């Protein structure tokens, strides 16, 4: 008999409260995933160091200019970093600064928790789950699948490769056994 999470059998208002709590936890997981990548890019592209050197803050356009990055991507990063509470923003001027509470954890390698180190660790292992899928046994043979899953990079690379992402044995987009042209 399957085990259900606590509160799953409840109905009415109580069940609704439990579902809302679970959705909150689930959204927290997604926010943590996004914050990890935002922290990784902020460190990797030098945004945190650049912002540290500017006590008045910078607009996204100024940060883009100093980093050599496209302003559209920097604007998106600034919004994500603001949502992750890495940055603060002055509404009138649109200038972003490092959040004083977050700054030591984003810029000081000797801090008790140096966030970029954790972000780099995550990014280093992130591709592994995609590779792991190809090692899982197929349902019929019990042996690892001879095909590799289609990676998002392959699917977005070219029209020829995009068709390979939808033509796996099951014929569905993103099939774990979809063949890629390498």
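Residue-by-condition table, conditions (1) in contact with a strand residue (DSSP E or B) (Cβ under 7 Å, 6 or more places away or on another chain); (2) in the same structural domain as residue 105 (by TED's automatic domain parsing); (3) closer than 27 Å to residue 122 by Cβ:
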{"site": "19", "(1), (2), (3)": "no, no, no"}
{"site": "33", "(1), (2), (3)": "no, yes, yes"}
{"site": "37", "(1), (2), (3)": "no, yes, yes"}
{"site": "48", "(1), (2), (3)": "yes, yes, yes"}
{"site": "58", "(1), (2), (3)": "yes, yes, yes"}
{"site": "76", "(1), (2), (3)": "no, yes, yes"}
{"site": "80", "(1), (2), (3)": "no, yes, yes"}
### Query
Do any helices (runs of 4 or more DSSP H) lying entirely in segment 48-110 carry at least 3 residues that are over 17 Å from residue 38 (Cα atoms), and which ones are they?
60-67
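The values are calculated or read from the model by the stated rules, or taken from the named source; none is laboratory data. Computed from a predicted model, the values in this text were never measured in an experiment. Glycine gets a Cβ as well: all are built from the backbone with ideal geometry, and neighbour counts include every protein chain shown.
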